[in-house]
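Quick notes on the structure that follows.
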Amino acid sequence: MGKDLESSKKQLFTFAMKGKWEDVIELYKKEPRLHKARITKSRSTALHVAVRDGNEEVVEQMVKLAETCPILCKEVLETQNDRKNTALHVAASMGNLRICHLIAQKHPSLVNVRNVDGETPIFLAALHGRKEAFLCLHYLSHPNGSSPNYVNCRRNDGNTFLHCAIAGNFYDLAFQIIHLYEDLVNGVNEEGLSALHLLAAKPSDFKSGNRLGRYEMIIYHCIFVEELKPAEYSFQQSFSDEGRNPNCNIPDNHRTWCDFFGVVKTSLAVVTNKFPAFHFSKDNIFSKGQPPNAGDPEMARNNNSQDCRARHQTHQLYPENYETCCSFFRFVYLVVTLILGQGSSRLKRIRREKEKHVWSLQILNELCHSLLYEFEDSHHEIDETALSEDSHHEKDEISFSVGEIKIIRPGNDNQQQHGGADEKKNGEPKERRRRRIETPLLVAAKYGVLEIVKKIMADIPSAIHDINHRGQNVLHVAVEYRQPHIFRLLRHQRFWDNLLGGVDFDGNTVLHLAAKSVESLSLPGLSYGSGALQLQRLIKWYEHVKSLVPPRAVSLLNKKGETPGQIFIGQHKELVKTSGEWLNRTSESCSVVAALVVGVSFATSSTLPGGNDDKTGKPTLDGRPVFELFALAALIALCFSVVALIMFLSILTSQKQPTDFKKKLPVKLFIALSSLFVSIVSMFASFCAAHSFVLEDKFNRAIIPLYAATCLPVYFTIVEFPLYMDLFETIVSEVQRPYDYGYL
């Protein structure tokens, strides 16, 4: 009998791996015990495999077969693999709504089952951003609007639904979690980090941290994004075909053309004065407020066009009579990107960026609305004894304080799985350890999230007195991590003088911190570029802060007996050396090019097209406009190439003192590069003017467009030259943010 069962297991494994589910069902009918058979190395059953493959009909047949014996059905659905994941865990992580509803409705208690990491199925749905599956499991486990169960909202490392949703940029899901589980707003993980801490460490998710180009910003402002709203979940609507995305099955190579024709249709509607009718259509990829998995699709369908227009007029950034121009510009932009082979992917990326910016700001408002902020400890410490006590008590809520933030941390019936409360770490018992963490305001100042700093200071003015474990206030942090926009914001605060005169535990003023090197900071990815440009930006930042502090701050000593100037010179010695070497290499390479242009320009200017008249000695083509263009361009090329060569030689022979890198050397390099580019363009123009005499008979009318198209690559090469553009921006700007050069 045992051999027959083992043989059946092997057959079951073969059929399941090959997708022969009809044979699997037949085996189940012959041998019901195979329902619980673990057939893979991960100890998964065939039901796990079917759920992972997304075979909804097969899963439904398996569950119906198991229902013939109620005890067997319960045991089958409760079977776990080596990670202690049930089939419902797998379905929730994949976001398969139909399977989640099928299994959870048969066995509702499975929603509370934990795997080895302490994750329930509803937690996995939040972890992977499966909003519909999350709402399905929530409403199945909380029928008739019952109070939320906070026991299952946290896994072993202390992270909650909300932590995972924000960490994964699932802001539409995070918004629903905040409204369903309000107390999670102030929940912290084992590191003492709340959801607001995680949001404050994501500068690229806010408008102040965007990296869009100039043309992309025009499109950015033309896109309307509807704000998130609490979902009114309906099981019937979720399973209906009407609620699914009609374009989800369109291949990627066809979706671009669908978008193109959708925009053509949009533009025709604009021309025929039917703009309000299409603005909120499902096929409009620019004006669509939410993707298929965001917000409530049922509410969106029930809103009539008049309500949509009213909602749009409330949120629009420009007058209604500008809508036609914006739509036309979007259409032209899409046509250009299609011609360049990029299709609508860039437009979709811009729309996703704006969705992220709008929704993250909405999440910020929700988090700050429920934030509990109390001054109980000026050093903002978290007593981990409270965390360890939490692991020994099964309570609905446990209240404790994390510095100035009062935390309502839900209890966890499975905390003991990861407790280790009595273990020692670094030679000190965990109960006695006290760990200082930064407040969300300080984290936002470090990463340069202007929106969060503004919001916290507006809602909680007393938060401006926050300090970190090194005794640094918000101004110290902004200066140390080179965040000029935060610095400018704080200058308009009434506590500016107190912040400016603050000293940290090491005796450092803001000027001491501005003098520190970027490499000494603990923030990964913080960069100001490379070479002489990096040193120039650091000097300009130091001088900018120095101009605002009292004169006596320049000579103040910290606890190590160092002045700000000594710190700057000491920590940037190597950078000064490498910057000088970089300038020498750049000047040597460019001077070779400049010398070549000088030689070519001189030869061109001395060799006239058509030669000279034997009698008068004047050029035979004298008086013709093209010849005059040739003579002028050759002269400009020669003069500017000589200027470039002299400037490069001047850089090579300079002493390269630290003060020279602020303005003198960068300006010389900019003038040299500009002269070199002008000489190259002029040399090309003189060649085209001389060569035009060869083609003027055959291509008389098309000769100007021909040479313009030939010179176009030279222009784009100069414009896109990264060193030149970076050098220009560094010279004209007062100070610059580090994220523009690889930060995060």
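The values are calculated or read from the model by the stated rules, or taken from the named source; none is laboratory data. From a predicted model like this one, the values you see are computed outputs, not experimental measurements. Cβ: placed from backbone, ideal geometry, glycine included. Neighbour counts: every protein chain shown.
Specify which of the listed residues (650, 675, 682) is at pLDDT 90 or above and either buried (at least 20 other Cβ atoms within 10 Å of the Cβ) or in a loop (DSSP other than H, G, I, E, B) (or both). Let's see the steps before the verdict.
Details: 650 fails: either buried (at least 20 other Cβ atoms within 10 Å of the Cβ) or in a loop (DSSP other than H, G, I, E, B) (or both); 682 fails: at pLDDT 90 or above.
Sole residue among the options that is at pLDDT 90 or above and either buried (at least 20 other Cβ atoms within 10 Å of the Cβ) or in a loop (DSSP other than H, G, I, E, B) (or both): 675.
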Candidate set: segment 29-62, residues that are within 18 Å of residue 103 (Cα to Cα) and of a type in the set (Ser, Thr, Tyr); chosen: the one surrounded by the most Cβ atoms within 10 Å (Cβ to Cβ): 45
Number of the exception - residue 520 against (1) touching a residue at least 60 places away in the same chain (Cβ under 8 Å); (2) in the same structural domain as residue 557 (by TED's automatic domain parsing): (1)
Those residues of segment 514-531 which are modelled with pLDDT under 90, crowded, with 16+ Cβ neighbours inside 10 Å and part of a helix (DSSP H, G or I), in sequence order: 518, 531
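Would you check if residue 534 is modelled with pLDDT under 90 and either in a helix (DSSP H, G or I) or assigned by TED's automatic domain parsing to the domain that holds residue 645 (or both)?
yes
Is at least one residue of segment 218-230 of a type in the set (Lys, Arg), in a loop (DSSP other than H, G, I, E, B) and not assigned by TED's automatic domain parsing to the domain that holds residue 357? Write out each step before concluding.
Start the filter on segment 218-230 by keeping residues that are of a type in the set (Lys, Arg), which leaves 229.
Those still in the list that are in a loop (DSSP other than H, G, I, E, B) too: 229.
With not assigned by TED's automatic domain parsing to the domain that holds residue 357 added as a condition, the list becomes none.
The answer is no, given that none of the residues of segment 218-230 is of a type in the set (Lys, Arg), in a loop (DSSP other than H, G, I, E, B) and not assigned by TED's automatic domain parsing to the domain that holds residue 357.
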Number of the exception - residue 147 against (1) in a helix (DSSP H, G or I); (2) over 21 Å from residue 196 (Cα atoms): (1)
Criterion (farther than 19 Å from residue 443 by Cβ and part of a helix (DSSP H, G or I)) met by exactly one of 506, 497: 497
Residue count for segment 654-672, restricted to those that are of a type in the set (Ser, Thr, Tyr) and surrounded by fewer than 16 Cβ atoms within 10 Å (Cβ to Cβ): 1
Candidates 130, 114, filtered to the one that is modelled with pLDDT of 90 or more, among the charged types (D, E, K, R) and more than 29 Å from the chain's Cα centre (by Cα): 114
Flag if residue 539 is farther than 30 Å from residue 580 by Cβ and either free of Cβ contacts under 8 Å to residues at least 40 places away in the same chain or hydrophobic (A, V, I, L, M, F, W, C) (or both): no
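Determine which member of the set 428, 438, 423, 451 is modelled with pLDDT under 90, among the charged types (D, E, K, R) and either in contact with a Pro (Cβ under 7 Å, 6 or more places away or on another chain) or surrounded by 13 or more Cβ atoms within 10 Å (Cβ to Cβ) (or both). Steps first, answer last, please.
On the way: 428 fails: either in contact with a Pro (Cβ under 7 Å, 6 or more places away or on another chain) or surrounded by 13 or more Cβ atoms within 10 Å (Cβ to Cβ) (or both); 423 fails: either in contact with a Pro (Cβ under 7 Å, 6 or more places away or on another chain) or surrounded by 13 or more Cβ atoms within 10 Å (Cβ to Cβ) (or both); 451 fails: modelled with pLDDT under 90.
Answer to the check: 438.
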Residue tally, condition more than 15 Å from residue 123 (Cα to Cα) and surrounded by 24 or more Cβ atoms within 10 Å (Cβ to Cβ), over segment 89-109: 2
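If only one of 655, 736 is at pLDDT 85 or above and out of contact with any Leu (no Cβ under 9 Å at 6 or more places or on another chain), which one is it? It would help to see each step written out before you state the result.
Working: 736 fails: at pLDDT 85 or above.
None of the other options fit; the residue is 655.
To keep it simple, each residue is scored yes or no on (1) small (Gly, Ala, Ser); (2) assigned by TED's automatic domain parsing to the domain that holds residue 362; (3) farther than 21 Å from residue 85 by Cα; (4) in a helix (DSSP H, G or I).
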position	(1), (2), (3), (4)
129	yes, no, no, no
132	no, no, no, yes
137	no, no, no, yes
162	no, no, yes, yes
173	no, no, yes, yes
Single condition residue 223 does not satisfy, out of (1) at pLDDT 90 or above; (2) more than 22 Å from residue 108 (Cα to Cα); (3) among the aliphatic types (A, V, I, L, M); (4) surrounded by 20 or more Cβ atoms within 10 Å (Cβ to Cβ): (1)
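If you take the residues in segment 554-575 that are of a type in the set (A, V, I, L, M) and either modelled with pLDDT of 90 or more or loosely packed, with under 14 Cβ neighbours inside 10 Å (or both), which one is farthest from residue 496 (Cα to Cα)? Give the steps one after another, and end with the answer.
Step one: filter segment 554-575 for residues of a type in the set (A, V, I, L, M), giving 554, 556-557, 567, 569, 575.
Filter once more, so that each one left must be either modelled with pLDDT of 90 or more or loosely packed, with under 14 Cβ neighbours inside 10 Å (or both): 554, 556-557, 567, 569.
Numbers: 554: 18, 556: 19, 557: 22, 567: 24, 569: 28 Å.
Out of the qualifying residues, it is 569.
Name the single residue, out of those in segment 92-111 being in a loop (DSSP other than H, G, I, E, B) and under 16 Å from residue 63 (Cα atoms), that is farthest from the chain's Cα centre (by Cα).
Applying the first criterion (in a loop (DSSP other than H, G, I, E, B)) to segment 92-111 yields 95-96, 107.
Narrowing further to those that are under 16 Å from residue 63 (Cα atoms): 96, 107.
Numbers: 96: 27, 107: 39 Å.
Going through the qualifying residues, I end up with 107.
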